[in-house]
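The values are calculated or read from the model by the stated rules, or taken from the named source; none is laboratory data. Note that the coordinates shown come from a computational prediction; the quantities given were computed from them, not determined experimentally. Please note: Cβ atoms are built from the backbone with ideal geometry, for glycine as well, and neighbour counts cover all protein chains shown.
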Amino acid sequence: MRDPQKTPALIRTMDRLFDFLARVCVLLAGVAIVIMTAIFAWLVFGRYVLNDTPTWVEQVSLLLVMVIAFMGAAAGVHNHTHLSVVIFRNLVPTWVRTVLVVVSDILMAGFGGMMFWYGIELTKFKWNTLIPLIQWSEGLRSLPLTISGALLFLFSTGHLIRLFFGRDERQDNIDQG
């Protein structure tokens, strides 16, 4: 771990902001899991005890799954816990590892940027259509994708900035070798 006082102010500020955003993502995903668990309990109770199945549960659950998946993925990219296969990257020389890390971060930033851009288009396109049974905007289904895309772009760009300043602290970082 490097001396935090020698870390550039830009990186310290970026880290604080991105850590906060990642915590918000985890919180949203966690709350969505709790709500989904509660509404499925209500579904089972309604179906088997009241003999009156609530029909809205499936549609709300689909929205919650979008929040769980996309917010969790964004936080995973920031916290370096997102799915990644690093065995090949760890077997190659340091200079190849550096290239692979940079290419990976650029690809993730590009992918996040495209998710954000096309997610905005999809959300706008679907906004005036209503989800059956709950009468909420269909655009809510693609909103987590859009937000996650922006966060993927920011977090991946942040990794590149940290790498540029020699402050990359990922477990499989390029300084090993």
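All conditions in (1) over 11 Å from the mean Cα position of the chain (by Cα); (2) in a helix (DSSP H, G or I); (3) not hydroxyl-bearing (Ser, Thr, Tyr) hold for residue 22, with the sole exception of (1).
Screening 44, 99, 49 for residues that are exposed (fewer than 15 other Cβ atoms within 10 Å of the Cβ), closer than 15 Å to residue 161 by Cα and of a type in the set (Val, Ile, Thr) leaves exactly one candidate, 99. Restricting 65, 103, 57 to residues that are free of Cβ contacts under 8 Å to residues at least 60 places away in the same chain and either farther than 20 Å from residue 28 by Cβ or of a type in the set (Ser, Thr, Tyr) (or both) narrows the list to 103.
I'm checking my understanding of the structure. Among residues of segment 63-91 that are surrounded by fewer than 17 Cβ atoms within 10 Å (Cβ to Cβ) and at pLDDT 95 or above, which one is nearest to residue 23 (Cα to Cα)? Step through it out loud before you land on a result.
First, pick out the residues of segment 63-91 that are surrounded by fewer than 17 Cβ atoms within 10 Å (Cβ to Cβ): 65, 69, 79-88, 90-91.
Those still in the list that are at pLDDT 95 or above too: 65, 69.
Values: 65: 18, 69: 15 Å.
Residue satisfying both the conditions and the ranking: 69.
Suppose we filter segment 122-143 for residues that are under 11 Å from residue 62 (Cβ atoms), in contact with a Lys or Arg (Cβ under 8 Å, 6 or more places away or on another chain) and part of a loop (DSSP other than H, G, I, E, B); how many remain? Within segment 122-143, residues that are under 11 Å from residue 62 (Cβ atoms), in contact with a Lys or Arg (Cβ under 8 Å, 6 or more places away or on another chain) and part of a loop (DSSP other than H, G, I, E, B) number 1.
Within segment 33-77, the residues that satisfy the criterion of being farther than 30 Å from residue 158 by Cβ, assigned to a helix (DSSP H, G or I), of a type in the set (Val, Ile, Thr) and out of contact with any helix residue (DSSP H, G or I) (no Cβ under 7 Å at 6 or more places or on another chain) are 37, 44. Scanning segment 90-108 for residues that are more than 21 Å from residue 152 (Cα to Cα) and assigned to a helix (DSSP H, G or I) yields 90, 91, 94, 95, 96, 97.
As for segment 43-50, it holds no residue that is at pLDDT 90 or above and within 24 Å of residue 147 (Cα to Cα).
Given the options 111, 116, name the one that is within 19 Å of residue 158 (Cβ to Cβ) and either free of Cβ contacts under 8 Å to residues at least 40 places away in the same chain or of a type in the set (Asp, Glu) (or both).
Working: 111 fails: either free of Cβ contacts under 8 Å to residues at least 40 places away in the same chain or of a type in the set (Asp, Glu) (or both).
One residue alone meets the criteria, 116.
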